[in-house]
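Chemist: Sharing a structure here in structure tokens format.
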Amino acid sequence: MITLDQVSKSFQNNSGEFKAIDAVTFTIQDHERFGIIGESGAGKSTLLRFINALETPDEGAVMVDGKNIHQLNKSALRLYQKQVAMIFQEFNLLNNKTVEENIRLPLELHAYPETIPMETVLDFVGLRDKRGQYPKDLSGGQKQRVGIARALITRPKILLCDEPTSALDLGTTKEIVDVLKKAHDTFGMTIVLVTHELEVIKELCTRAAILENGMLTDVIKIEPPKNKKSYSSYRKRALEVLSHGSD
Ligand SMILES: Nc1ncnc2c1ncn2[C@@H]1O[C@H](COP(=O)(O)OP(=O)(O)O)[C@@H](O)[C@H]1O
Ligand SMILES: [Mg+2]
């Protein structure tokens with residue numbers, strides 16, 4: 001269980017100090033698929049970075065399984081961080097490494113207690129035939145699948161996803177959402193997903209926190225989509241926006 005308890009954080013900008021996160025409290029259950037939504041600058045990434053302790057709140061506590069992760073000693077923190085993996089909007093792959101080398105990278109850097117075999121991971125994300133390729137030869141969706149594989153190989157208990165589909169078109173977004181869903185079905189990790197894309201939240205999450213200007217305004221329960229068509233087609237969306245506007 002992850003609990004953010006009255007966390008706040010200030011940063012400096014041109015006009016002085018401002019509160020990027022303001023007394024936010026919520027709890028995420030084990031194995032949950034939890035969304036954090038809000039506009040750009042709302043503080044979503046900062047909240048996510050609290051959870052893997054890349055960012056420290058000025059006030060409040062982040063409790064994981066009853067422990068304040070910002071008060072762990074160095075070795076306990078390292079152990080905790082090995083249970084948390086992250087995927088990014090811009091994929092964060094190393095261009096001079098192959099698909100397989102990118103996926104194996106975490107294992108080169110640290111010893112993990114439990115890993116998933118490379119062959120299993122490659123099959124899971126459907127990249128077996130691309131294992132020797134370099135990122136420049138991959139599509140956006142394939143790059144994100146490498147990012148997912150690199151996270152899965154460490155068998156994380158918590159998977160943090162920061163705008164994982166925001167650099168992708170609609171069809172590719174669907175493909176990545178499906179891979180994440182399958183990963184959750186198979187491995188049961190807790191997923192915390194940050195995005196401004198409401199359709200992605202609807203497909204993937206069961207609850208979501210709404211963040212506005214660093215403040216939590218709601219935590220909502222999400223109705224699962226009734227059919228597989230919650231992603232409207234590009235044509236339908238274009239018509240809605242361009243020709244049926246209400247004003
Ligand atoms: N390290 C930092 N230094 C200064 N300002 C920051 C830093 N990190 C984030 N911010 C600011 O805090 C606010 C929230 O940022 P962020 O959490 O990245 O929002 P989001 O992910 O919702 O777009 C933004 O105004 C951003 O510019
Ligand atoms: Mg962000």
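Chemist: Kindly check whether there is at least one residue in the stretch 127-148 that is hydroxyl-bearing (Ser, Thr, Tyr) and within 30 Å of Phe26 (Cα to Cα).
Modeler: Filtering the stretch 127-148 for residues hydroxyl-bearing (Ser, Thr, Tyr) gives 134, 139.
If we keep only those that are within 30 Å of Phe26 (Cα to Cα) too, we end up with none.
Checked against the condition, which is being hydroxyl-bearing (Ser, Thr, Tyr) and within 30 Å of Phe26 (Cα to Cα), the stretch 127-148 yields no hits at all.
Chemist: Of all the residues that make up the stretch 27-71, how many are touching an Asp or Glu at 6+ places or on another chain (Cβ under 9 Å), on the phi > 0 side of the Ramachandran plot and within 16 Å of ligand 2 (Cβ to nearest atom)?
Modeler: So the answer is 2.
Chemist: Let me ask something additional. Pairs, please: C-beta under 9 Å, at least 6 apart or cross-chain, first residue within 17 Å of Ser8 (Cα to Cα) and in the stretch 37-49, second within 6 Å of ligand 1 (Cβ to nearest atom) and aromatic (Phe, Trp, Tyr)?
Modeler: Between residues of the stretch 37-49 that are within 17 Å of Ser8 (Cα to Cα) and residues that are within 6 Å of ligand 1 (Cβ to nearest atom) and aromatic (Phe, Trp, Tyr), the close pairs are Thr46/Phe11.
Chemist: Among the residues of the stretch 143-171 satisfying the criterion of being within 16 Å of ligand 1 (Cβ to nearest atom) and of a type in the set (S, T, N, Q), which is nearest to Ala85 (Cα to Cα)?
Modeler: Applying the filter and picking the extreme gives Thr165.
Chemist: Out of the stretch 17-46, which residues are in a strand (DSSP E or B) and within 30 Å of Thr186 (Cβ to Cβ)?
Modeler: Selection gives Phe26, Thr27, Ile28, Arg33, Phe34, Gly35, Ile36, Ile37.
Chemist: Being in contact (Cβ under 8 Å) with a residue 60 or more places away in the chain and among the charged types (D, E, K, R) is the filter; apply it to the stretch 205-226 and report the residue that is surrounded by the fewest Cβ atoms within 10 Å (Cβ to Cβ).
Modeler: Glu212
Chemist: Here's a check for you: in the stretch 154-201, which residue that is among the hydroxyl-bearing types (Ser, Thr, Tyr) and touching a helix residue (DSSP H, G or I) at 6+ places or on another chain (Cβ under 7 Å) is surrounded by the most Cβ atoms within 10 Å (Cβ to Cβ)?
Modeler: Pass one, the stretch 154-201, residues among the hydroxyl-bearing types (Ser, Thr, Tyr): 154, 165-166, 172-173, 186, 190, 195.
Applying the additional criterion that residues be touching a helix residue (DSSP H, G or I) at 6+ places or on another chain (Cβ under 7 Å) yields 154, 165, 172-173, 195.
Details: Thr154: 21, Thr165: 26, Thr172: 18, Thr173: 23, Thr195: 24.
Among them, the one singled out is Thr165.
Chemist: To continue, here is another question. Would you mind stating whether Arg49 is outside any loop (DSSP other than H, G, I, E, B) and under 16 Å from the mean Cα position of the chain (by Cα)?
Modeler: Considered against the rule, which asks whether it is outside any loop (DSSP other than H, G, I, E, B) and under 16 Å from the mean Cα position of the chain (by Cα), Arg49 comes out as yes.
Chemist: Restricting to the stretch 56-115, name every residue that is under 22 Å from Gly140 (Cβ atoms), free of Cβ contacts under 8 Å to residues at least 40 places away in the same chain and not charged (D, E, K, R). It would help to see each step written out before you state the result.
Modeler: Filtering the stretch 56-115 down to residues under 22 Å from Gly140 (Cβ atoms) leaves 85-106.
When the remaining residues are screened for being free of Cβ contacts under 8 Å to residues at least 40 places away in the same chain, the result is 96-98, 100-101.
Asn96, Thr98 - these are the residues of the stretch 56-115 that are under 22 Å from Gly140 (Cβ atoms), free of Cβ contacts under 8 Å to residues at least 40 places away in the same chain and not charged (D, E, K, R).
Each value in this text was obtained by applying a stated rule to the coordinates, not by laboratory testing. These numbers come from a predicted model, not from an experiment. Reconstructed Cβ throughout: ideal geometry from the backbone, glycine too, with neighbour counts over all protein chains shown.
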